[in-house]
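Here's the structure, in structure tokens; my notes come after.
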Amino acid sequence: MGTPAKKIAFHTLGCKLNFSETSSLSRDSLKYGYENVNSKEYADIYVFNTCSVTENANKETKKLIRRSKRINPKAFIALIGCYAQLKPEELINIDDVNMVLGTAEKFELLNHLDKAKISNDIKVVLNNDINEISSFNPSYSGDDRTRAFLKVQDGCDYSCTFCTIPRARGKSRSASINQTVNLAKKISKSKTKEIVLTGVNIGDFGVYNNESFLELIKEIDSQVDIDRVRISSIEPNLLSNEIIEFCFNSEKFMPHFHIPLQSGSNKILKSMRRRYKVEEFKSRINTIKNLDSHACIGVDVIVGYPSETEEDFMETYEFLKNQDVSYLHVFTYSERENTKAIDLKPAVPFKERSNRSKLLRELSDQKKAQFYKKSIGASRPLLVENNKNGILFGYTDNYIKVKISSESSIENTIQMVKILDFRGEYMLGEIIASG
Ligand code: SF4
């Protein structure tokens with residue numbers, strides 16, 4: 001009998017980009033002879049793809065390290081991702097951590113693990129100057145049968161004052177259209193029905209290759225045999241009318257946009273160094289809604305940014321209240337080292353940050369309920385996913401969560417459903433035809 005395969009567990013913190021990178025590494029680990037296990041189980045090696053967007057994400061990493069060591073006191077712990085790039089010394093100095101790999105080196109994780117001989121008394125830190133990273137590593141998630149996240153772009157050339165991402169992920173870069181389309185074609189040959197295009201600043205795709213995001217989506221549309229494509233999130237200044245119109249004319253691109261606003265006050269947007277004004281954002285929403293009043297629009301917003309007064313916050317609140325948007329992702333500002341915003345005064349008291357966050361979350365619930373209720377009586381294509389309890393849920397093209405029942409096995413198929421009733425977190429629907 002040969003030696004049993006070493007068990008490796010991957011865990012992702014943070015965004016879909018991290019998720020797609022972890023998925024690629026975990027697929028590759030099989031080729032290196034590892035057995036993949038869940039990070040809550042016993043493993044010889046635990047790999048955590050870290051995030052540094054909030055203080056909470058940092059704490060979460062430390063919690064995961066402790067949990068792994070409780071399961072296997074001899075486990076080898078490797079940390080990759082944004083936190084690993086930003087704070088390599090802090091992380092390697094944690095007793096139980098054996099390996100810290102920065103943004104470029106993380107893609108070499110499996111080679112480094114091979115070389116390290118997986119002994120838990122070693123300490124390895126490999127971390128390049130972030131300004132020197134120019135390579136792009138395409139990745140995609142492939143664990144989920146219905147949906148894959150395809151990373152098409154990495155890094156960011158912007159300098160929003162609250163954000164650590166450019167320091168953690170480096171300059172904007174992407175593969176060529178040709179390479180990206182080929183990867184999308186590869187995904188389309190699996191059982192996946194929907195590709196979600198992800199990146200740090202996706203609208204910046206191709207800037208250094210003389211290519212553009214619009215050209216990319218046109219090529220994906222014409223060359224890739226897939227039912228659905230979504231754009232994960234795109235900066236308002238880069239979401240051109242051409243992109244919007246193209247998505248509505250395409251059968252593959254879904255009528256769903258996620259656009260970061262961050263603040264509804266021009267004063268705060270300027271202080272944040274965002275590259276648009278509230279008026280421009282509003283005009284994007286109008287363009288989308290004039291083309292399809294049922295299109296879904298999600299919005300990111302930050303509350304409690306330093307110097308944000310009660311009036312500034314209310315300006316954001318009123319602005320969003322008056323826009324036809326479908327849901328909000330509300331982020332409470334947290335101080336991040338080495339950002340410009342950390343020096344801005346006055347800081348908003350924590351209690352006030354949490355009050356503002358609560359108000360916007362309530363507004364988000366109202367917006368979502370309005371958007372959902374507007375769909376009652378409509379017929380829309382639904383990509384059916386399987387809930388663990390055997391109840392069928394899925395998302396419509398315009399991102400409404402719908403529950404249906406069926407005697408047949410229809411997971412991972414597209415069905416035409418009639419939307420019947422509002423049930424809070426989801427809508428109730430019935431199948432009227434196979435899509
Ligand atoms: S656009 Fe701004 S918020 Fe987004 S990653 Fe770049 S710097 Fe950060």
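The values are calculated or read from the model by the stated rules, or taken from the named source; none is laboratory data. Just so you know, these numbers come straight off a predicted model, no measurement behind them. We place every Cβ from the backbone using ideal geometry, glycine too, and count neighbours over all the protein chains shown.
Descriptive notes on the structure:
- Qualifying residue in region 137-144 (condition: under 21 Å from TYR83 (Cα atoms), crowded, with 21+ Cβ neighbours inside 10 Å and within 16 Å of the ligand (Cβ to nearest atom)): no
- Residue among TYR32, TYR46, TYR42 that alone is in contact (Cβ under 8 Å) with a residue 40 or more places away in the chain and of a type in the set (Phe, Trp, Tyr): TYR32
- Any hit, region 57-67, residues being of a type in the set (S, T, N, Q), closer than 21 Å to ASN338 by Cβ and surrounded by fewer than 20 Cβ atoms within 10 Å (Cβ to Cβ): no
- Of the residues ILE432, ILE410, ILE419, the single one that is of a type in the set (Val, Ile, Thr), crowded, with 18+ Cβ neighbours inside 10 Å and not in a helix (DSSP H, G or I) is ILE419.
- Members of region 214-239 that are farther than 30 Å from THR413 by Cβ and within 21 Å of the chain's Cα centre (by Cα): LEU214, GLU235, PRO236, ASN237, LEU238, LEU239
- In region 396-407, residue modelled with the lowest pLDDT [restricted to those that are polar (S, T, N, Q) and outside any strand (DSSP E or B)]: SER406
- Among the residues examined, LYS345 qualifies as closer than 28 Å to TYR158 by Cα and either surrounded by fewer than 17 Cβ atoms within 10 Å (Cβ to Cβ) or touching a His at 6+ places or on another chain (Cβ under 7 Å) (or both).
- Candidate set: region 77-122, residues that are assigned to a helix (DSSP H, G or I) and of a type in the set (Lys, Arg); chosen: the one farthest from the chain's Cα centre (by Cα): LYS115
- Residues within region 270-286 that are surrounded by fewer than 16 Cβ atoms within 10 Å (Cβ to Cβ) and more than 16 Å from the ligand (Cβ to nearest atom), tallied: 3
- Residue list for region 108-141, filter: touching a Gly at 6+ places or on another chain (Cβ under 6 Å) and basic (Lys, Arg): none
- Considering residues of region 145-163 that are within 16 Å of the ligand (Cβ to nearest atom) and outside any loop (DSSP other than H, G, I, E, B) only, the residue nearest to ARG230 (Cα to Cα): LYS151
- For GLU251, the stated conditions do not hold, so it cannot be described as closer than 30 Å to ILE342 by Cα, of a type outside the set (Phe, Trp, Tyr) and exposed (fewer than 14 other Cβ atoms within 10 Å of the Cβ).
- Screening VAL181 against (1) among the aliphatic types (A, V, I, L, M); (2) within 16 Å of the ligand (Cβ to nearest atom); (3) more than 18 Å from the chain's Cα centre (by Cα); (4) not in a loop (DSSP other than H, G, I, E, B) leaves a single unmet condition, (2).
- Residue under evaluation LYS267, criteria (1) away from the ligand (no atom under 16 Å from the Cβ); (2) touching a helix residue (DSSP H, G or I) at 6+ places or on another chain (Cβ under 7 Å); (3) within 30 Å of ASN412 (Cβ to Cβ), criterion not met: (3)
- Test result for LEU113, surrounded by 19 or more Cβ atoms within 10 Å (Cβ to Cβ), more than 16 Å from the ligand (Cβ to nearest atom) and either in the same structural domain as ILE410 (by TED's automatic domain parsing) or closer than 22 Å to LYS7 by Cβ (or both): yes
- Residues that are within 15 Å of the ligand (Cβ to nearest atom) and either buried (at least 20 other Cβ atoms within 10 Å of the Cβ) or under 14 Å from the mean Cα position of the chain (by Cα) (or both), drawn from region 168-178: ALA168, ARG169, GLY170, SER172, ARG173, SER174
- For region 184-225, residues that are assigned to a strand (DSSP E or B) and more than 16 Å from the ligand (Cβ to nearest atom) total 3.
- The condition of being farther than 27 Å from TYR83 by Cα and at pLDDT 95 or above holds for only one of VAL196, VAL181, that being VAL181.
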